[in-house]
Every structure is written in structure tokens, then in C-alpha cells.
């Protein structure tokens, strides 16, 4: 059957029988172009359906008590990949591949993964471990190497965090799990900060300790429990060195707390007569023989 249609003044003929013969033409055993087109459409449907199932799962888990956002995201992501794997398996099955052909295809795919996609597979497995084990969750504050930032996304291949400098850092999951890293908020959302302070040897050490404790009490972001701890740690060359240990719930922008604490300590030291020393060097002058001076 030939259909003719006028488009923009032209007559276009469509031979449906030819199109049908092309779609039913066998390329390999029972595989035809029509079957491939059907598989492509099914694959798109499976991917979209998997994403829809993931969204529905996240919404459903919001009604479950005692589940944080990281756990909900982990469960929904695992469900997404299960649905995706089952759907893609059904698509492959719809192609009518024989068991021997499927074995050859699987072997080739496994070889390709083994040779060319080692890092991808490693990152994928690391992502599953992080999601299921809740090693890292969104909103956690972590330090990887020399970088500290807030985790925004824990993906299946890489994770994204934002640093204090407002830079977005994307890290492969395998690099996180294969190296030592610090999760500052894994168990709680407070941070202990050690702040060194040096004072003059002539200072009243009792007054110094009072100043360091009172400075912490006057700051909003410093917690009362645990209380501040003041330790004398060293007799330096030109100062007596203390360390003040304070706890804060400002885990990410903790440098602001350090700055505010130093300013408050400076004010209290001036009010109470505590001196912050400058580096000092003693110079001993020996008597020089007169004959050397004359020369």
C-alpha cells in the first residue's frame, strides 16, 4: 500500500509495505529493526520508570519515623537500581536472544568492565557501601586530604561537597573510602577547637585562666556543656603557653568562632592587665680590649 501526502506543496509517498518489510527483516537470528526500536523505547520507559519509583520511594519514606534524609536517599537509590536492572533484563529478554548468545554478550560485557571500566565499577561499589553503611550523608562536614566541606550529594559514582571558600568539589567515591578522611558530624554536630594563647612570664596565671574561661562564656556559638578547658602546655622562650579547648555547634564556619574568641580574649587581657609578649632575645656584650677598639 502506497500513501501519498502533500507537505508544503510537495507530494510525499510512503510505502508502508516497504517499511514493514524493513522492520521485520532479520538482522541476526530473530532480531529485527522493529524489535530493536521496541527495545529502545522500552529502555527509555524503564529508565523513566525507575526514576519515578525512586521519587515515590523517597516520598513514602518521609512518613517513616526515625529515618534521616541520608537513609531515605540510600534506600531509594538501591530500589532505583534494582528496578533498573530488572527492567533492562526484561528488555534484553524481549530481544529473543538465545542462551548461548546471551552468554557471549555477558562475557563480552564482563571483559569490557574488567578492562575499561574498573574505576567506574569501583566507584559504583564504593557508592553503594557509603549509602548503605551511611559512612557519609548529605549535610555532613568532612575533611578529605587538605579539603574540608559540607557534603551536598552522595552519588553512585562520585560525591559533591562545598568548601568554606564556596567551591564545589567532586570526589570519586573510591578515593573517599580508600583514604583516611574525617567526618566531623558522623555521630554529633559539635566540634572541639583548640586555641593556643601565649602570655608574659610576669602575668598572674590565675587571672590568665579566668580570662580564657570568661571569654568562652561571653560568646554565643560556644557551648556551655562541655565547659571550656584551659591547659598550660609549655614554657616557651618568651611566653607561657596555654591552650583553651572550647566546643561549638558551628562545625562548618568554625574559624568565625576562633576569631571571635581571640577578640574577646584580647579585650579581657587589656581590662585585667595581662600582657601578650613580643618575641625577645637577650644580647650579652662582653668587654672589648682597648687595643682592639683603637684599631
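Values as computed for the structure displayed
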read-out	value
Spacing of the two label points (7 Å from each Cα toward its C-beta) at residue 262 and residue 179, in nm	2.8
Cα-only Debye scattering, the range 135-183: base-10 log of I(q)/I(0) at q = 0.21, 0.29, 0.32 Å⁻¹	-0.62, -1.25, -1.51
Gained length - residue 210 relative to residue 166, 0.36 nm times residue gap less alpha-carbon distance	12.1 nm
Two-site label geometry, residue 253 and residue 186: point separation in nm, points 7 Å out along Cα→Cβ	2.7
Distance (nanometres) between label positions extended 7 Å along Cα→Cβ at residue 153 and residue 235	5.8
Relative pair counts by distance (%), Cα atoms of the range 191-272, 10 Å bins	19, 54, 24, 3
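Each reported figure results from applying straightforward, stated rules to the coordinates on display, with no laboratory input. Not measured: the values here are computed from a predicted model. Note: ideal-geometry Cβ built from the backbone for every residue, glycine included; neighbour counts use all protein chains shown.
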